[in-house]
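Let me begin by presenting the structure, written as structure tokens, before commenting on it.
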Amino acid sequence: MPRKRLVITTRSPLETKTLGRMLGEVLSGGETILLEGPLGAGKTVLVQGIAKGVGYEGPVQSPSFVLERVHKGRLILRHLDLYRLTGEEAMEAGLLEEPDPSTVLVIEWARRAEGLLLWTMRIEIEFLASSPEERRIVIEPAGLKWGEKAKHVLEKFRGELAQSTGP
């Protein structure tokens with residue numbers, strides 16, 4: 001049975017970060033989020049929002065050169081970047097351990113580890129030709145529970161956008 005894909009467009013990095021924050025707020029620990037998209041699409045911007053949503057208030061930078069950054073809030077956020085690794089190399093380095101109940105694992109360039117771990121949701125960020133700031137974000141939840149949570153987040157996000165743009 002094909003998984004349901006939820007699609008939303010953000011019009012700015014701030015909106016992408018806000019969507020990430022809302023996703024982070026519904027995380028409870030033990031989740032793995034796979035991120036895909038071209039260079040500069042906004043993967044790290046989305047993670048900045050997720051970090052805020054799990055209670056981390058500090059700066060969030062791409063872990064491209066250090067491979068992993070850990071941020072502690074109400075949950076621990078392990079932020080990985082596999083751009084320079086194969087999935088096997090990441091596994092050998094101990095980076096792809098399943099998260100414990102107090103941890104959320106977010107992986108940029110996750111296709112490099114395809115099939116090596118279970119995931120909660122897969123998120124793809126794409127550029128839109130209509131504006132350099134707009135992004136098409138496709139969320140693919142792993143199951144019904146996460147499908148409902150993601151749908152709720154998107155409805156809340158759209159509601160906030162409608163209020164902020166007003167009549």
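Quick look at the numbers
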| item | result |
| --- | --- |
| Distance from segment 68-104 to segment 112-162 (C-alpha centre basis), Å | 20 |
| Per-residue [θ]222 nm for the chain (sum of -39500 (n - 2.57) over DSSP H runs n ≥ 4, rounded to 500) | -10000 deg cm²/dmol |
| Ratio Rg/Rh, restricted to the chain and using Cα atoms, in which Rh is the Kirkwood radius | 0.95 |
| Estimated FRET transfer efficiency (residue 11, residue 62; beta-carbon r; R0 22 Å; 0.05) | 0.50 |
| Residues of segment 54-69 with amide N under 15 Å of the 7 Å Cα→Cβ point at residue 83 | 61-69 |
| Spread of Cα-to-Cα distances over 5 Å intervals beginning at zero, given as percent, for segment 53-103 | 5, 20, 27, 22, 17, 8, 1 |
| Residues 56, 83, sorted so that the one with the fewest Cβ neighbours within 10 Å comes first | 83, 56 |
| Order by protection proxy (mean Cβ within 10 Å, highest first), peptides 11-20, 42-51, 131-140, 91-100 | 42-51, 11-20, 131-140, 91-100 |
| Space enclosed by the convex hull of the alpha-carbon atoms of segment 18-60, per residue, Å³ | 69 |
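FYI, it's all coordinate maths here, none of it is from the lab. It should be emphasised that the depicted structure is a prediction, and the values quoted were computed from it without experimental measurement. So basically every Cβ, Gly included, is an ideal-geometry build from the backbone, and we count neighbours across all protein chains shown.
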